[in-house]
1. Search segment 1-24 for residues being part of a loop (DSSP other than H, G, I, E, B) and touching a Pro at 6+ places or on another chain (Cβ under 8 Å), and hand back the single one that is farthest from A49 (Cα to Cα).
2. What is the one condition in (1) of a type in the set (D, E); (2) free of Cβ contacts under 8 Å to residues at least 24 places away in the same chain; (3) out of contact with any Phe, Trp or Tyr (no Cβ under 8 Å at 6 or more places or on another chain) that E42 does not satisfy?
3. I'd like the full set of residues that are among the hydrophobic types (A, V, I, L, M, F, W, C), surrounded by 13 or more Cβ atoms within 10 Å (Cβ to Cβ) and more than 20 Å from L69 (Cβ to Cβ), limited to segment 21-45.
4. Taking into account only those residues within segment 25-47 that are touching a strand residue (DSSP E or B) at 6+ places or on another chain (Cβ under 8 Å) and assigned to a loop (DSSP other than H, G, I, E, B), which is farthest from E83 (Cα to Cα)?
5. List the residue pairs whose Cβ atoms are under 8 Å apart, where the first residue sits in segment 85-105 and is in a helix (DSSP H, G or I), the second is polar (S, T, N, Q) and modelled with pLDDT of 75 or more, and the two are 6 or more positions apart or on different chains.
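The values are calculated or read from the model by the stated rules, or taken from the named source; none is laboratory data. What you see is a predicted model; the values in this text were computed from it and never measured. Cβ coordinates were reconstructed from backbone atoms using ideal geometry, including for glycine residues, and neighbour counts include every protein chain displayed.
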Amino acid sequence: MGYVKNLRRDGILIYESDKVTTLPAFYGTKVGAPFTRWAQEETGRIQAANVVALGAVVAVTGIVSAESLQRAVAEAVPAGTQEANLRALARGLALEPAQEGNAPS
């Protein structure tokens, strides 16, 4: 969590809730979710945790549309993994702002 000092005071801290048990002092929005566990549940592989987290970033920030992110992921992942990665992405995109900081298991 050494990067927290680089975040703006009104920024968003997104973290892996199963791995980070003590949060640093931070005044912005904190969003925790079990990205690795969700990846394992959705795809059977923990390697998709980054795709789950990417979906959560978009769900929380709205920085890009879900549709454009889905297209980008489908084009960027290795052949034969699109379906699994899109499931992982959907799990992250399902994170609702009301769930922030206390995402369901």
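1. M1
2. Failed condition: (2).
3. Answer for segment 21-45, where residues must be among the hydrophobic types (A, V, I, L, M, F, W, C), surrounded by 13 or more Cβ atoms within 10 Å (Cβ to Cβ) and more than 20 Å from L69 (Cβ to Cβ): L23, F26.
4. Once the filter is applied, the top-ranked residue is F26.
5. N85/T43; L86/Q70; R87/T43; A88/T43; L89/Q70
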